[in-house]
Amino acid sequence: MTVKRITVPFDTEIVQSLKAGDRVLISGKVYAARDAAHKRMAESLEKGEELPINIDGEVIYYVGPTPAKPGQIIGSAGPTTSGRMDKYTPELLELGLKGMIGKGYRSQDVIDSIRSNQAIYFGAIGGSGALIARTIKKVEVIAYEDLGTEAIRKMVIEDFPAIVINDSYGNDWYKQGSETYRSI
């Protein structure tokens, strides 16, 4: 199977070129944010405040990296369960977020929002945080530093391996894979 090389930030054309099940290597800038950061962003939006980052065309990686060891820029950086961000995701997609990286299933509401907002959800391999950390070349805390590992970080990644789980057409690679084995 071919591996597609893609660069963040995304535009609609790139997003539409990707299909559920595609293997990709992602390079460019992504933002790291988990549960607490998403909750705080939602609270800011409820108050009519601007987000601390411009998410238009951007990708959020659901990760709370461990502290870096001496000589490293980041510790283990494996994906966290994406479903915990589901209640916040549709609003962020409507504001222009184009992609998310995490692990696990998304709710039907999120899949519908991915489709209607022409976005994409990538799966990263859980349990491979030390290997994934090697693809992260630069890290900078951008907002909510008081949240520690859950602060929003800007990361520069190079050849980050992922699989398209939910594409902009409403396809779900997890469901497609299950159906393949059920028909055997």
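The values are calculated or read from the model by the stated rules, or taken from the named source; none is laboratory data. Computed from a prediction, not measured in an experiment: that's the story for all the values here. Backbone-built Cβ (ideal geometry, glycine too); neighbour counts: all protein chains shown.
Yes or no: Ala143 closer than 14 Å to His38 by Cβ and touching a strand residue (DSSP E or B) at 6+ places or on another chain (Cβ under 6 Å)? Walk me through how you get there before you give the answer.
On the way: closer than 14 Å to His38 by Cβ: yes; touching a strand residue (DSSP E or B) at 6+ places or on another chain (Cβ under 6 Å): yes.
Against the criterion (closer than 14 Å to His38 by Cβ and touching a strand residue (DSSP E or B) at 6+ places or on another chain (Cβ under 6 Å)), Ala143 qualifies.
Kindly provide the set of residues from segment 24-74 that are surrounded by 17 or more Cβ atoms within 10 Å (Cβ to Cβ), assigned to a strand (DSSP E or B) and of a type in the set (D, E, K, R), ordered by number.
Scanning segment 24-74 gives no hits.
Suppose we keep only residues that are over 22 Å from Lys138 (Cα atoms) and among the aliphatic types (A, V, I, L, M) within segment 1-35. Which one would you say is nearest to the chain's Cα centre (by Cα)?
For segment 1-35, the residue satisfying everything is Val15.
For the structure I just gave you, tell me whether Arg134 is surrounded by fewer than 23 Cβ atoms within 10 Å (Cβ to Cβ), of a type in the set (Lys, Arg) and either touching a strand residue (DSSP E or B) at 6+ places or on another chain (Cβ under 7 Å) or in contact (Cβ under 8 Å) with a residue 60 or more places away in the chain (or both).
Against the criterion (surrounded by fewer than 23 Cβ atoms within 10 Å (Cβ to Cβ), of a type in the set (Lys, Arg) and either touching a strand residue (DSSP E or B) at 6+ places or on another chain (Cβ under 7 Å) or in contact (Cβ under 8 Å) with a residue 60 or more places away in the chain (or both)), Arg134 does not qualify.
What pairs come up if the first residue lies in segment 49-60 and is farther than 19 Å from Ile26 by Cβ, the second is at pLDDT 95 or above and in a loop (DSSP other than H, G, I, E, B), and their beta carbons are under 8 Å apart, counting only those six or more places apart or on different chains?
The qualifying pairs are Leu51/Leu95; Pro52/Tyr144.
For segment 89-98, which residues satisfy the criterion of being crowded, with 21+ Cβ neighbours inside 10 Å and either of a type in the set (D, E, K, R) or in contact with a Leu (Cβ under 9 Å, 6 or more places away or on another chain) (or both)?
Quick first cut of segment 89-98, residues crowded, with 21+ Cβ neighbours inside 10 Å only: 89, 92-93, 97-98.
Scanning segment 89-98 gives Thr89, Leu92, Lys98.
Scanning for something surrounded by fewer than 21 Cβ atoms within 10 Å (Cβ to Cβ) and farther than 20 Å from Ala124 by Cα, does segment 78-87 turn up at least one residue?
yes
If the requirement is being of a type in the set (Gly, Ala, Ser) and touching an Asp or Glu at 6+ places or on another chain (Cβ under 7 Å), which of these qualifies: Ala151, Ala119, Ala130, Ala124?
After applying the criteria, what remains is Ala151.
Looking at segment 4-13, which of the residues that are outside any loop (DSSP other than H, G, I, E, B) and in contact (Cβ under 8 Å) with a residue 60 or more places away in the chain is surrounded by the fewest Cβ atoms within 10 Å (Cβ to Cβ)?
Going through the qualifying residues, I end up with Arg5.
Just checking, how many residues over segment 40-67 are basic (Lys, Arg) and in contact with a Phe, Trp or Tyr (Cβ under 7 Å, 6 or more places away or on another chain)?
Residues flagged as basic (Lys, Arg) and in contact with a Phe, Trp or Tyr (Cβ under 7 Å, 6 or more places away or on another chain) within segment 40-67 amount to 1.
Mind listing whichever residues of segment 69-85 are small (Gly, Ala, Ser) and either touching a strand residue (DSSP E or B) at 6+ places or on another chain (Cβ under 8 Å) or within 18 Å of Ala162 (Cβ to Cβ) (or both)?
Within segment 69-85, Ser76, Ala77, Gly78, Ser82, Gly83 meet the criteria.
Of (1) at pLDDT below 95; (2) surrounded by fewer than 20 Cβ atoms within 10 Å (Cβ to Cβ), Gln108 satisfies all except one. Which?
It is condition (1) that Gln108 fails.
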